[in-house]
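Just below is one structure, and these are the notes that go with it.
The values are calculated or read from the model by the stated rules, or taken from the named source; none is laboratory data. Owing to the predicted nature of the structure, the values given are computational and were not obtained by experimental measurement. Neighbour counts run over all protein chains shown; Cβ positions are idealised from the backbone, glycine included. Protein only, heavy atoms only, side chains kept; ligands, DNA and RNA dropped before computing areas. Shrake-Rupley method; radii C 1.70, N 1.55, O 1.52, S 1.80 Å.
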Amino acid sequence: MELFARLRPSSPPDESVPLADLTENALAASPAASLAKVAKLVQPHLEEVETRIAQQAAAFDPAIEGYVVYAVGSRGKRLRPLLTLLAAGATGEINPGHIDLAVTVELIHIATFVHDDVMDEAERRRAQPTANARWGNSLSVLLGDCLFAHALTLSTNFENSKIGRAIARTAATVCSGEMIQTQRKFDLNLSVQDYLRIVQMKTGSLFAAAAELAAVISEANPDAIEQFKNFGFQIGTAYQIYDDCVDLAGNEGTTGKTLGTDLRKGKFTLPVLIFLRSASEFERERCCQLVLEERVEEMIELLKNGANNGALNESIAAGSNLIRQAQGGLDGIGSNPYGEALFFLGDVLCEMFDQLRV
């Protein structure tokens, strides 16, 4: 409460979104509609972030500007900018530094998925052809490199040099996580703990930086900064678990991206690892055969109906539990519309998990 007695939001939340509507009624709608209601609290700032992201293409050589426009122009959920802005509002006034942070964090994310799509040979992302599907792997790898480099260049503009260094460390952690995951492809010795470490590095760390550094820019007290860092870390890790479950149980028409790529490329995600942990020798051999032969649909059926009443459902429960832990970590932050919206963001993510249950 002390933090919020000292700092107030720069402007009241949108009056068209009553807080009671967020906390009591919004989950009656679809998760996408609920997420839109959370985003409406900071909508003008999100639009500014979107404009700024689009403007970044002009910083590149005209010969490659078109590639950058294509990569940054397909809007996703923008969860990382949303988390940044909500954490900013929860710890003080949303200011230009928070906008800069949101843009930088999202550019790092865009760079990672450009590289991911090359690694996975994915053909669609955000309901359009991936960069590698349009221009091939070589150009796409270099495009991702350019986006990474540009994001790190932007990070040097913060007056507080600690912020730029933290962003650079986070980018290195994200890349390291991706490398370890690639190194452990088709590895039957990969444990659940190994998997969690990988997703914490490749996704949790970037969410953590978004929330933590937003609080740093607000000059929040050290305890609050640590709380927001932990919240982002847990929410980001849970979201990667969700994304991995979507890859197995989602619908390409709804998600707008190529699914089943993890199994085809030998990436053993949480549902697979939970299945293998308690499967019989026959089931393990069957699983390995299906993965090697890229019989994805049959493998998915095993995960839905196999050991432990379904490894997929157990993974969904694990992700939801992690979100509840993150929400519990917000206790003591204080009564603030932005802080409460962060809590509700967790509810929306749990609802997204629930839609995958079989």
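Determine whether the range 118-125 contains at least one residue that is in contact with a helix residue (DSSP H, G or I) (Cβ under 9 Å, 6 or more places away or on another chain) and either under 25 Å from Leu330 (Cα atoms) or among the hydroxyl-bearing types (Ser, Thr, Tyr) (or both). Within the range 118-125 (the criterion being in contact with a helix residue (DSSP H, G or I) (Cβ under 9 Å, 6 or more places away or on another chain) and either under 25 Å from Leu330 (Cα atoms) or among the hydroxyl-bearing types (Ser, Thr, Tyr) (or both)), the answer is no, since none of the residues qualifies.
Just one of the listed residues (Leu330, Leu349) is of a type outside the set (D, E, K, R), in contact (Cβ under 8 Å) with a residue 60 or more places away in the chain and part of a helix (DSSP H, G or I), namely Leu349. Picking from residues in the range 96-131 that are within 18 Å of Gln56 (Cβ to Cβ) and of a type in the set (D, E, K, R), the one that is surrounded by the fewest Cβ atoms within 10 Å (Cβ to Cβ) is Arg126.
Is it the case that the range 153-162 has a residue that's in a helix (DSSP H, G or I), farther than 30 Å from Ala220 by Cβ, open to solvent by 60 Å² or more (accessible area, probe 1.4 Å) and of a type in the set (Ser, Thr, Tyr)?
Restricting attention to the range 153-162, the residues satisfying the condition of being in a helix (DSSP H, G or I) are 153-155, 161-162.
Cutting the leftovers down to farther than 30 Å from Ala220 by Cβ gives us none.
No, every residue in the range 153-162 fails to be in a helix (DSSP H, G or I), farther than 30 Å from Ala220 by Cβ, open to solvent by 60 Å² or more (accessible area, probe 1.4 Å) and of a type in the set (Ser, Thr, Tyr).
Each residue in the range 175-186 was checked for being outside any helix (DSSP H, G or I) and surrounded by 13 or more Cβ atoms within 10 Å (Cβ to Cβ), and 2 pass.
On the stretch given as the range 209-219, residues that are farther than 16 Å from Leu85 by Cβ and either open to solvent by less than 10 Å² (accessible area, probe 1.4 Å) or under 16 Å from the mean Cα position of the chain (by Cα) (or both) total 0.
Is it fair to say Glu297 is within 26 Å of Gln183 (Cα to Cα), charged (D, E, K, R), part of a helix (DSSP H, G or I) and touching a Phe, Trp or Tyr at 6+ places or on another chain (Cβ under 8 Å)? Spelling it out, it is not the case that Glu297 is within 26 Å of Gln183 (Cα to Cα), charged (D, E, K, R), part of a helix (DSSP H, G or I) and touching a Phe, Trp or Tyr at 6+ places or on another chain (Cβ under 8 Å). Residue count for the range 29-87 under the criterion of being in contact with a helix residue (DSSP H, G or I) (Cβ under 6 Å, 6 or more places away or on another chain), of a type in the set (Lys, Arg) and open to solvent by 40 Å² or more (accessible area, probe 1.4 Å): the result is 2. Among helices (runs of 4 or more DSSP H) entirely within the range 36-97, having at least 2 residues that are touching a residue at least 40 places away in the same chain (Cβ under 8 Å) and of a type in the set (S, T, N, Q) singles out 79-91. Counting only residues that are surrounded by 13 or more Cβ atoms within 10 Å (Cβ to Cβ), out of contact with any Leu (no Cβ under 9 Å at 6 or more places or on another chain) and not β-branched (Val, Ile, Thr), the range 188-203 holds 4 of them. For the range 220-279, no helices (runs of 4 or more DSSP H) sit wholly inside it while including 2 or more residues that are touching a strand residue (DSSP E or B) at 6+ places or on another chain (Cβ under 9 Å) and crowded, with 18+ Cβ neighbours inside 10 Å. Residues of the range 158-178 include at least one that is within 25 Å of Thr269 (Cα to Cα) and in contact with an Asp or Glu (Cβ under 8 Å, 6 or more places away or on another chain). Here the range 309-345 is the region considered, the condition is being surrounded by fewer than 14 Cβ atoms within 10 Å (Cβ to Cβ) and modelled with pLDDT under 80, and the residue that is farthest from Ser280 (Cα to Cα) is Ser335.
Taking Thr112 as the residue in question, decide whether it is within 12 Å of Ala71 (Cβ to Cβ) and hydroxyl-bearing (Ser, Thr, Tyr). It is true that Thr112 is within 12 Å of Ala71 (Cβ to Cβ) and hydroxyl-bearing (Ser, Thr, Tyr).
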